Amino acid sequence: MKEFGEWLQGELNSRGLTPTKFAQSIGVSHASVSRWLSGERRPKRVHAYKISQALGVSPDTMKIFGYDLSDNSGERIIISPGNDSYSLCEFLINHPEYIQAFEGLVDALESKLLK
């Protein structure tokens, strides 16, 4: 089985993408992509999702590398604290289908906090 970095390099090559262009397209630094390609680091789940979207590969493809990007409701993404390259606002702008769910979460939190 290929390592993630080796697979990603092949995907970029087959699409004629440079690591720099790819980094820009998914909103990460060139250094991050370089670390993934070299095997020094693995992408966070949020970045694995962006990689799958940018390359047009299914969540099942990403499962090969240990990333579960789907559940019973379809594709989803988790935004983790400290993820400086992808803010919540940026996420909601790019994924308006999640706004209603987010509003429901805010309402639920407000009702618990204001009791």
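Taken together, the values in this text are just the output of simple stated rules run on the coordinates, not laboratory data. Keep in mind the model is a prediction, meaning the values are calculated, not measured. Positions of Cβ are backbone-derived with ideal geometry, glycine not excepted, and every protein chain shown enters the neighbour counts.
Tell me the net charge near Ser25. Cut-off is 11 Å between Cβ atoms, Ser25 excluded, with +1 for each Lys or Arg and -1 for each Asp or Glu. If you can, show how the numbers build up before the last one.
On the way: positive: Arg15, Lys21, Lys50; negative: none.
With Lys, Arg at +1 and Asp, Glu at -1, the net is +3.
Within 10 Å, count the other beta carbons around each residue, average over each peptide in 53-61, 27-35, and list them highest first.
27-35, 53-61
Suppose the Debye formula is applied to equal point scatterers at every Cα of the range 1-64; what is log10 I(q)/I(0) at q = 0.24 Å⁻¹?
Listed by q, the Debye log ratios stand at -1.10.
When you count, for each residue, the other Cβ atoms within 10 Å and take the mean per peptide, how do 37-50, 6-19 rank with the highest first?
Numbers: 37-50: 17.3, 6-19: 13.9.
Taking the mean over residues of other Cβ atoms within 10 Å, the ranking is 37-50, 6-19.
So what is the relative contact order of the range 1-78, in percent, for Cα pairs below 8 Å that sit 6 or more residues apart?
Reported as a whole number, the value is 25 percent.
What spacing in nm lies between the two simple spin-label points modelled at Glu97 and Glu3, each 7 Å away from Cα in the Cβ direction?
My value for the distance between the label points is 3.5 nm.
Quick one: 3J(HN,Hα) in Hz for the range 3-17, Karplus 6.51/-1.76/1.60 with θ = phi - 60°, rounded, Gly and Pro as x.
6, 4, x, 5, 4, 4, 4, x, 5, 5, 4, 5, 9, x, 9
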